[in-house]
1. Kirkwood-based Rg over Rh for the chain (C-alpha set), two decimals?
2. Of the beta bridges DSSP finds with both residues in the chain, what % are antiparallel, to the nearest 5?
3. Got the relative contact order for the chain handy, in percent, Cα pairs under 8 Å and 6 or more residues apart?
4. What is the helix-to-structure angle for 270-285, meaning the angle in degrees between its Cα long axis and the longest Cα principal axis of the chain, kept from 0 to 90 and rounded to the nearest 10?
5. Tell me which lysines have Cα within less than 16 Å of Lys246's Cα, excluding those fewer than 8 residues away on the same chain?
6. Can you tell me the mean projection area, over all orientations, of the convex hull of segment 209-340's alpha carbons? Units nm², please.
7. May I ask you to evaluate 6.51 cos²θ - 1.76 cosθ + 1.60, the Karplus curve with θ = phi - 60°, for each residue of segment 53-62 and list the ³J(HN,Hα) values in order in whole Hz, giving x for glycine and proline?
8. Would you mind ranking His257, His14 by Cβ crowding within 10 Å, fewest neighbours first?
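Computed from the coordinates by the stated procedures, all read-outs in this text should not be read as laboratory data. Note that the structure is a prediction, hence the values are computed from the model and not measured. Glycine also receives a Cβ, built like all others from the backbone with ideal geometry; neighbour counts cover every protein chain displayed.
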Amino acid sequence: MPQAINDSSLSRIHAVRKNFPNYQVDGLLFSSMSNIRYLSGFTGSDGVLVLSSDAAWLLVDGRYTTQAAAEVQRISVVQYQNKIQGIEQAVKELGLKRIGFEASFVTVEMYDDLTQRLKQAKLVPLGNELRLLRACKDKHEMDVMRKAAAIASKAVAALACEIQPGWTELQTALHLEMTARRAGAEQIAFETIIASGENAALPHAKPTNRKIRNGDFVVIDFGVKYQGYCSDETCTFAIGELTGDKKNAYRAVLRAHDEAIASIRAGIAAADVDALVRDILGEEYSRYFVHGTGHGVGLEVHEAPRLAPNSQDVLTAGMVVTVEPGLYYPDRWGVRIEDTVFVKESSCEIITKMNKKLIIIK
């Protein structure tokens, strides 16, 4: 398996280099740790990857020299005392004149320091050019993501059999996370959302000491990391009997979720998937749908592409995206249903495993 990862890293670097003429650069600086991991295999939390047309240098400080040497192959590992000086040395020795950098990951301070140091070179900010760098997953990535999704879904399924009225949101989150860690999750992919009652009206609610009560919707948005890759899934449980308006809202969200997933295939515009969800929700519900329909998932839980009204992205085979319509009634309640899917040529594969039919906890 490590050799497969290394081979993938080298092919990914080669693909980036092929775009140097389009970027009008002769080298690239990567400071996003997710992109560095994707391109080199290095899993540390700090460093810089410098690419020229025929060389690759991974710059790290003394904390990571041994780790980097073990994790990467056919990439030079260079230790620095000062990051800016290390970049200056690499640029000089590799003879770079026009250097692309990730505009979203370089601070103004770092840019100013580099500009002062690299007086003979031109720094070229790259933004949209690199957005989709990690969007299409290979077989190894998909295998790992299926495993992450399976771990998380199994933990949520276990929670459905155990959660009871009277549990607090914080207690529920801890129980869920411990179950997933015992099942093989290396860490939680993002802060777990357990939102009950009026808290469920907050799309990114944080667990509180509120006790779960009969009549509540409980929104559970949960994901884990496995070998660095994230899962992302949302279920909404009903605690006891629901009112008619809640049942109808759940049905509307489920229909939008199901039909959106049925529409996903290579070549469809991401904005069209979002528009379909809003059309299905209709005038009665769409005003309570306050976020985009989905996003990419991979080494980070939020990646390109975006399924949203203003998205310019077009789905391609190999992309992994979420579909997560929801309704949020301020100070009352909310409901969200989310699955993660793997885009194929003429359809998609749902990799999250929970059945999204309404689960009623009695």
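1. On the way: Rg = 22.6 Å, Rh = 22.0 Å.
Rounded to two decimals, Rg/Rh equals 1.03.
2. Working: 41 of 56 bridges.
Antiparallel: roughly 75 percent of the beta bridges in the chain.
3. Details: 781 pairs, mean separation 52.7, N = 362.
Once divided by the residue count of the chain, the mean separation gives 15 percent.
4. The angle comes out near 20 degrees.
5. Cα-Cα hits under 16 Å: Lys356, Lys357.
6. Numbers: hull surface 35.3 nm².
Dividing the Cα hull surface by four gives the mean projection, 8.8 nm².
7. So the Karplus estimates, Gly and Pro as x, are 5, 9, 8, 9, 10, 9, 9, 9, 8, x Hz.
8. Working: His257 23, His14 9.
Final ranking by Cβ density, sparse to dense: His14, His257.
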